Amino acid sequence: MSASANSIAATILMLAAAGAARAETQVERGRYLVSIMDCGGCHTTGELGGHPEPGHTLAGAKIGWAIPGVGIVTPPNLTGDVATGLGNWTSDDIVKLLRTGVRPDGREIVGPMGWRAYAQMTDPDIRAVAAYLKSLPPVVHAVPGPTPIADFKGAYFTVAHP
Ligand code: HEC
């Protein structure tokens, strides 16, 4: 390699090292994890229908799932709104939900969310996910809790049993 090619290679190495050394914040780590685990695929308004609503990232779906014996469950609003989102949940509440499927009121969630897979996250990663959700600005969007099919107003997925 010529002297100038050597110095270009050295510069590239230095830049790569500088990039790697930049500390990622906990919230940035959480944003990354939430994006690759596709939480928004269910929890972003409109995303299940292929049309995510601007300004409604993780603000809750409008389409639910029919769960035998329970009714319709709809992916809730995960933003910081107190009345309609996770504003009253602590980071520990979110970690507990992701590790055990159990909400602060003691009910275990049902339906399509793969929390048993998310429960395998390392402690730093699961705490980063919670920190990111707690950083989301409040979006007011009420999502119904488990609802009897007859009372549900929107569209829902159902599983045809053979
Ligand atoms: C396949 C769809 C789906 C995906 C993907 C999904 N969720 Fe969910 N999630 C749901 C549904 C449906 C519920 C409500 C279930 C119930 O009420 O029994 C729920 C509930 C929750 C709750 C409880 C909120 C509340 O108000 O009760 C939290 C917190 C949550 N999800 C976080 C996440 C995170 C974080 C991810 C990504 C790591 C994720 N979810 C991915 C469908 C999904």
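The values are calculated or read from the model by the stated rules, or taken from the named source; none is laboratory data. Keep in mind that this is a model prediction, so the values were computed, not measured. All Cβ positions, glycine included, derive from the backbone under ideal geometry; neighbour counts span all protein chains shown. Note: areas computed on protein heavy atoms with side chains; ligands, DNA, RNA excluded. Shrake-Rupley method; radii C 1.70, N 1.55, O 1.52, S 1.80 Å.
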Quiz item: Any chance the stretch 68-88 includes a residue that's of a type in the set (A, V, I, L, M), within 11 Å of the ligand (Cβ to nearest atom) and modelled with pLDDT under 95?
Solution: yes
Exercise. Only residues in the stretch 147-162 that are among the polar types (S, T, N, Q) count as the first member; pair them with residues that are at pLDDT 95 or above and part of a loop (DSSP other than H, G, I, E, B), Cβ under 9 angstrom, at least 6 apart or cross-chain, and list the lot.
Key: THR147/THR74
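Does at least one position in the stretch 34-44 carry a residue that is more than 7 Å from the ligand (Cβ to nearest atom) and surrounded by 21 or more Cβ atoms within 10 Å (Cβ to Cβ)? Give the derivation first.
At the first step, the residues of the stretch 34-44 found to be more than 7 Å from the ligand (Cβ to nearest atom) are 35-36, 40, 44.
Then keep just the ones that are surrounded by 21 or more Cβ atoms within 10 Å (Cβ to Cβ); that gives none.
Taking every residue of the stretch 34-44 in turn, none turns out to be more than 7 Å from the ligand (Cβ to nearest atom) and surrounded by 21 or more Cβ atoms within 10 Å (Cβ to Cβ).
For the stretch 33-48, how many residues are part of a helix (DSSP H, G or I) and either touching a residue at least 40 places away in the same chain (Cβ under 8 Å) or touching a helix residue (DSSP H, G or I) at 6+ places or on another chain (Cβ under 8 Å) (or both)? Before you say what the answer is, go through the steps one by one.
Filtering the stretch 33-48 down to residues part of a helix (DSSP H, G or I) leaves 33-36, 40-43, 47-48.
Of the ones still in play, those that are also either touching a residue at least 40 places away in the same chain (Cβ under 8 Å) or touching a helix residue (DSSP H, G or I) at 6+ places or on another chain (Cβ under 8 Å) (or both) are 33-34, 40-42, 47-48.
The total comes to 7.
Among the candidates TRP89, TRP65, single out the residue that is crowded, with 17+ Cβ neighbours inside 10 Å and touching a residue at least 60 places away in the same chain (Cβ under 8 Å).
On the way: TRP89 fails: touching a residue at least 60 places away in the same chain (Cβ under 8 Å).
None of the other options fit; the residue is TRP65.
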Quiz item: Can we say THR57 is open to solvent by 70 Å² or more (accessible area, probe 1.4 Å), in contact with a Leu (Cβ under 8 Å, 6 or more places away or on another chain) and at pLDDT 95 or above?
Solution: yes
Exercise. Among residues belonging to the stretch 132-162 that are touching a strand residue (DSSP E or B) at 6+ places or on another chain (Cβ under 7 Å) and open to solvent by less than 80 Å² (accessible area, probe 1.4 Å), point out the one that is nearest to VAL73 (Cα to Cα).
Key: PRO146
Quiz item: If you check every pair at least six apart or on different chains, which have Cβ atoms under 8 Å apart with a residue in the stretch 97-114 that is at pLDDT 95 or above first and a residue that is among the basic types (Lys, Arg) and within 6 Å of the ligand (Cβ to nearest atom) second?
Solution: LEU97/ARG103; ILE109/ARG103
Quiz item: Which one is nearest to MET37 (Cα to Cα), of the residues in the stretch 69-86 that are in contact (Cβ under 8 Å) with a residue 40 or more places away in the chain and open to solvent by 40 Å² or more (accessible area, probe 1.4 Å)?
Solution: PRO76
Exercise. Please state which of the following conditions ALA128 fails to meet, knowing it meets all the rest: (1) surrounded by 14 or more Cβ atoms within 10 Å (Cβ to Cβ); (2) of a type in the set (A, V, I, L, M); (3) closer than 30 Å to PRO68 by Cα.
Key: (3)
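Based on this model, can you work out whether ALA130 counts as within 11 Å of the ligand (Cβ to nearest atom) and in contact with a helix residue (DSSP H, G or I) (Cβ under 6 Å, 6 or more places away or on another chain)? First the steps, then the outcome.
Working: within 11 Å of the ligand (Cβ to nearest atom): yes; in contact with a helix residue (DSSP H, G or I) (Cβ under 6 Å, 6 or more places away or on another chain): yes.
So ALA130 fits the description; yes.
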